[in-house]
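Undergrad: One structure follows; several queries about it will come next.
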Amino acid sequence: MTTLITILNKLRLHADQFRVSAPMVGPLFDDADARRVSHDLDAVRTRFEQHPVWPSSGAIGERR
């Protein structure tokens with residue numbers, strides 16, 4: 001067991017790095033990062049549903 005802990009410490013793996021979820025339940029603990037990423041993805045998706053083209057930079061052509 002000590003060897004396993006040593007290997008995990010060298011790899012810098014910690015138990016809190018992994019999300020714990022159960023079948024048909026989903027995540028067992030509230031994860032703020034997952035909520036933030038989900039919100040950001042929803043914002044991008046709805047923006048492209050409403051306006052499906054990327055906005056232009058405003059500077060068209062070569063200027064001197």
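Undergrad: Which residues, counting only those in region 45-58, are surrounded by 10 or more Cβ atoms within 10 Å (Cβ to Cβ) and among the hydrophobic types (A, V, I, L, M, F, W, C)?
TA: The answer is F48, and nothing else.
Undergrad: Just checking, how many residues over region 1-34 are surrounded by 10 or more Cβ atoms within 10 Å (Cβ to Cβ), out of contact with any helix residue (DSSP H, G or I) (no Cβ under 8 Å at 6 or more places or on another chain) and not charged (D, E, K, R)? So that I can check it myself, show each step before the final result.
TA: Of the residues in region 1-34, the ones surrounded by 10 or more Cβ atoms within 10 Å (Cβ to Cβ) are 6-9, 13, 19-21, 27-28, 31, 34.
Filter again for out of contact with any helix residue (DSSP H, G or I) (no Cβ under 8 Å at 6 or more places or on another chain), leaving 6-9, 13, 20-21, 28, 31, 34.
When the remaining residues are screened for being not charged (D, E, K, R), the result is 6-9, 13, 20-21, 28, 34.
The total comes to 9.
Undergrad: Separate question: Within region 1-24, restricting attention to residues that are modelled with pLDDT of 75 or more and of a type in the set (D, E, K, R), which residue is farthest from R35 (Cα to Cα)?
TA: Ranking the candidates gives K10 first.
The values are calculated or read from the model by the stated rules, or taken from the named source; none is laboratory data. Worth saying up front: this structure is predicted, and the values here are computed from it rather than measured. Here Cβ is always computed from backbone atoms with ideal geometry, including for glycine, and neighbour counts include all displayed protein chains.
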